[in-house]
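Structure record follows, encoded as structure tokens.
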Amino acid sequence: MLPVGNPATGNDFIDRERETAFILDTIEKDHVMLVAPRRFGKTSIMRNIEKRLESKHRPCVFLEVESINSPGEFITDLVTALIECEGASHKTRVFSALKRMFTQVPEIIDEIETPVFRAKLRSHLRAEFSDDWHEKAKKIETIFGEIANPVYIILDEFPVAIQNMEDDDARKFLHWFRRLRQDSAKVRFIVGGSVSIDPVVYGVGGTPVINDFRRVNIGGFEEDVALSVVEQVFQEEDWEYSPEIGRAVLDCVGDPYIPYFLVIMLSGLKEEADISEGVPSPTLVDRVYNKRILGSEGRHYFEHYSRRLQVTYSEQEAKTARAILSKVSVADSLSMAIAYDIFRRNYGSDNEDAFRALLAQLNHDFYVTSETPGELRFYSKMLRDWWRIYHANIE
Ligand SMILES: Nc1ncnc2c1ncn2[C@@H]1O[C@H](COP(=O)(O)OP(=O)(O)OP(=O)(O)O)[C@@H](O)[C@H]1O
Ligand SMILES: [Mg+2]
């Protein structure tokens with residue numbers, strides 16, 4: 001069975017050929033930002049990019065920055081990761097430049113292959129950087145500016161690190177980081193995170209500090225890939241597979257086939273089959289969907305979609321968004337005219353720009369899509385079903 005929550009790596013990592021090829025191509029010229037809600041598979045893709053770059057012997061570091069609280073910590077972890085990466089396999093000038101720059105590092109460099117190395121280096125650097133990070137930041141700029149061959153830096157949970165910083169630090173850091181990207185011709189950043197970056201940077205520099213990133217939307221699997229995942233799991237579990245049962249699972253998830261939604265269906269199916277000692281049938285699939293996914297025990301899968309409205313939208317926007325989503329969840333699709341009417345009643349204004357901005361935000365955050373011009377639909381069928389049960393009629 002595929003992991004239910006942890007990033008999918010190795011043999012568990014399925015497909016994403018198109019996204020991977022696009023990202024690998026894009027980072028030749030641009031920095032990349034992966035955009036998708038929680039659990040869409042960003043970390044899995046970034047880990048796969050790391051693997052692909054390593055297989056081409058391209059220096060690449062992967063940094064999980066969720067627990068970083070200050071610019072100094074960010075620089076510390078970055079330098080640690082770069083030195084470690086250099087020591088492990090790739091010899092470029094970054095390593096020697098970093099060694100020269102952070103003078104005391106050679107003392108412990110001999111231990112580079114030992115388990116204590118990372119901890120020692122980090123605590124050494126954190127002590128050094130605890131004073132004023134600007135000076136060290138300038139050194140990084142100098143080193144990065146001189147890099148001759150491409151170096152790739154992957155930052156997972158980047159928006160959380162920015163959120164964790166004091167406002168003034170975050171503002172200065174984002175400006176510095178923007179300049180660093182501009183002046184480092186050979187360094188490419190790939191960033192991702194489970195909270196949207198825009199509201200995070202809104203008060204600390206605004207979009208200009210991140211507008212050089214090429215945004216890559218991560219959506220669902222193609223239908224044939226999704227079907228092959230179902231078939232593969234059935235084979236692993238020794239269950240008899242039929243196109244009918246494959247279809248039944250996919251119909252619950254709905255197109256686009258978000259990997260995590262598919263996996264929670266399949267793992268629910270396994271639990272239910274174990275309990276009832278039954279062989280998965282379309283009836284069992286139905287039971288799993290209604291009980292384990294849409295029932296109260298599945299609530300935690302989707303709750304953050306509802307909470308996010310409270311956290312990242314203004315009160316007025318969240319109230320209006322809820323009213324619109326409530327209507328879209330009960331109707332197959334909603335015309336813009338009706339959506340605008342709901343907007344006017346709930347937002348307390350007929351400002352068309354504000355209406356369009358709110359729809360753009362809901363679209364960007366993967367709640368709705370308007371693929372058919374003039375019509376709104378829920379992006380995910382599964383989320384729509386959940387929303388209809390728990391949030392419809394709250395206006
Ligand atoms: N390419 C994939 N192959 C197989 N399963 C996947 C794939 N991508 C995502 N999944 C499924 O989705 C789950 C979440 O994936 P991942 O942790 O990569 O998402 P994420 O977007 O980084 O999540 P978060 O926002 O919580 O950090 C995995 O545990 C797995 O069940
Ligand atoms: Mg992740």
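Bear in mind these aren't lab numbers, they're just calculated from the coordinates by the rules spelled out. Keep in mind the model is a prediction, meaning the values are calculated, not measured. So basically every Cβ, Gly included, is an ideal-geometry build from the backbone, and we count neighbours across all protein chains shown.
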Relative contact order, percent, of the chain when contacts are C-alpha pairs under 8 Å separated by at least 6 residues? 17
Between Asn217 and Ala331, what is the spin-label point distance in nm, taking each point 7 Å from the Cα along the Cα→C-beta axis? 2.2
Listed with the fewest Cβ neighbours within 10 Å leading, Thr312, Thr320 appear as Thr312, Thr320
The Cα extents of the chain along the principal axes, largest first and rounded to whole Å, are 65, 58, 33
Just the number, please: percent antiparallel of the DSSP beta bridges in the chain, rounded to the nearest 5. 20
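Exactly which GluC sites (Glu not before Pro) in region 1-43 are in a DSSP loop and have at most 13 other Cβ atoms within 10 Å?
Glu28
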Calculate how steeply helix 42-55 sits against the longest principal axis of the alpha-carbon atoms of the chain, using the helix alpha-carbon long axis, and give the answer as 0 to 90 degrees to the nearest 10. 40
At q = 0.18, 0.22 Å⁻¹, the log10 of I(q)/I(0) for region 223-293 from a Debye sum over equal Cα scatterers comes to -0.58, -0.89
Could you pull out every one of the lysines with an alpha carbon less than 19 Å from that of Lys291, ignoring same-chain neighbours closer than 8 positions? Lys270, Lys381
Give the angle, between 0 and 90 degrees and rounded to the nearest 10, that separates the Cα long axis of helix 336-347 from the longest principal axis of the Cα atoms of the chain. 70
Once the Cα atoms of helix 299-312 and of the chain are each reduced to a long axis, what angle between those two axes, in degrees from 0 to 90 to the nearest 10, is obtained? 70
